[in-house]
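Below is one structure, written out as structure tokens, with a few remarks after it.
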Amino acid sequence: MSANIMLKSVPNTMTVLRLAAAPLVAALIWADGYPVALVLFILASVSDFFDGWMARRLRIVSKFGTMLDPIADKVLIGVCLLALAKVTSDGWLFFVPALVIIFREFFVSGLREFMAGRSVSIPVSQLAKWKTTVQLVAIGVLIAAPVFPELGFVNTAGLVVLWVSALITAQTGIAYFRGTLDHV
């Protein structure tokens, strides 16, 4: 395999690895393997930036990568939220923003599918890209809380960032819905 072909496959490989990492991170959370879960989650989260950056920079954007990247993001976020839901003692302070995030992801995915059937594309907004980043930060901080129990504020900080991400998430979902009203 030539170096050029190998280089072209790196962004998609990173995306596939991020997708594969999601259930492993969840299993580690359930097994109280928070330090390893945190490292793996950080690597997966950082790969979200680098796979897209590399594909654009090297002009090797593929249809496969364009399709799979947002799926990998949604799976990583959704699976980690579900894993954290099983172990959290934060009750509604965790569940409300987690449900907003998960609901929005299903809603917007369904909306995109419906609009694609009408040959209408819904481009990703810049705020939606930031939404993903804030969600990843919130989840990372919540995974980090048990790793650093002496820092009692870490869990609270994670919940605050999770609520901020839920507000941004809801805002982008509403914006996408409003943007499609003329086509419904």
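The values are calculated or read from the model by the stated rules, or taken from the named source; none is laboratory data. Just so it is clear, the model here is predicted, and its values are computed rather than measured. With ideal geometry, Cβ positions are generated from the backbone for all residues, glycine too; neighbour counts draw on all protein chains shown. Surface areas here come from the heavy atoms of the whole protein model, side chains and all, with no ligands, DNA or RNA. Shrake-Rupley method; radii C 1.70, N 1.55, O 1.52, S 1.80 Å.
Among what's in region 96-124 and is surrounded by 14 or more Cβ atoms within 10 Å (Cβ to Cβ), under 19 Å from Asp69 (Cβ atoms) and of a type outside the set (A, V, I, L, M, F, W, C), pick the residue that is modelled with the highest pLDDT.
Result: Arg104.
Pull out all pairs, ordered by first then second residue, where Cβ-Cβ is under 9 Å, the residues are six or more apart or on different chains, the first lies in region 57-82 and is over 17 Å from Ala27 (Cβ atoms), and the second is among the β-branched types (Val, Ile, Thr) and in a loop (DSSP other than H, G, I, E, B).
What qualifies is Pro70/Val124.
If the requirement is being crowded, with 20+ Cβ neighbours inside 10 Å and at pLDDT 95 or above, which of these qualifies: Leu159, Leu167, Leu136?
None of the other options fit; the residue is Leu136.
Restricting the first residue to region 25-46 and requiring it to be in contact (Cβ under 8 Å) with a residue 12 or more places away in the chain, which pairs with a second residue that is surrounded by 14 or more Cβ atoms within 10 Å (Cβ to Cβ) and aromatic (Phe, Trp, Tyr) meet a Cβ separation below 8 Å and a spacing of at least six or different chains?
Once the first residue is in contact (Cβ under 8 Å) with a residue 12 or more places away in the chain and sits in region 25-46, its partners that are surrounded by 14 or more Cβ atoms within 10 Å (Cβ to Cβ) and aromatic (Phe, Trp, Tyr) give Val25/Phe41; Leu28/Tyr34.
With the requirement that a residue be more than 22 Å from Lys131 (Cα to Cα) and of a type outside the set (Lys, Arg), what does region 38-60 give you?
Across region 38-60, the qualifying residues are Leu58, Ile60.
Residue under question is Thr180, and the condition is that it be under 19 Å from Gly52 (Cβ atoms) and out of contact with any Phe, Trp or Tyr (no Cβ under 7 Å at 6 or more places or on another chain); does it hold? Don't jump to the end; show me each part of the working.
Working: under 19 Å from Gly52 (Cβ atoms): no; out of contact with any Phe, Trp or Tyr (no Cβ under 7 Å at 6 or more places or on another chain): yes.
Against the criterion (under 19 Å from Gly52 (Cβ atoms) and out of contact with any Phe, Trp or Tyr (no Cβ under 7 Å at 6 or more places or on another chain)), Thr180 does not qualify.
Look at Pro123 and say whether it is touching a residue at least 60 places away in the same chain (Cβ under 8 Å) and over 14 Å from the mean Cα position of the chain (by Cα).
Here the answer is no, as Pro123 does not meet what is asked.
For every residue, the table says whether it meets (1) of a type in the set (Lys, Arg); (2) touching a His at 6+ places or on another chain (Cβ under 6 Å); (3) open to solvent by 80 Å² or more (accessible area, probe 1.4 Å).
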site: Asn12; (1), (2), (3): no, no, no
site: Leu19; (1), (2), (3): no, no, no
site: Trp30; (1), (2), (3): no, no, yes
site: Val36; (1), (2), (3): no, no, yes
site: Arg56; (1), (2), (3): yes, no, yes
site: Lys63; (1), (2), (3): yes, no, yes
site: Asp73; (1), (2), (3): no, no, no
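May I ask you to verify whether Ser89 is assigned to a helix (DSSP H, G or I), open to solvent by 20 Å² or more (accessible area, probe 1.4 Å) and of a type in the set (Ser, Thr, Tyr)? Step through it out loud before you land on a result.
Values: assigned to a helix (DSSP H, G or I): no; open to solvent by 20 Å² or more (accessible area, probe 1.4 Å): yes; of a type in the set (Ser, Thr, Tyr): yes.
It is false that Ser89 is assigned to a helix (DSSP H, G or I), open to solvent by 20 Å² or more (accessible area, probe 1.4 Å) and of a type in the set (Ser, Thr, Tyr).
Residues checked against (1) part of a helix (DSSP H, G or I); (2) more than 15 Å from the chain's Cα centre (by Cα); (3) free of Cβ contacts under 8 Å to residues at least 60 places away in the same chain:
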residue: Lys129; (1), (2), (3): yes, no, yes
residue: Ala138; (1), (2), (3): yes, no, yes
residue: Val147; (1), (2), (3): no, yes, no
residue: Val154; (1), (2), (3): yes, yes, yes
residue: Leu162; (1), (2), (3): yes, no, no
residue: Ser165; (1), (2), (3): yes, no, no
residue: Ile168; (1), (2), (3): yes, no, yes
residue: Thr172; (1), (2), (3): yes, no, no
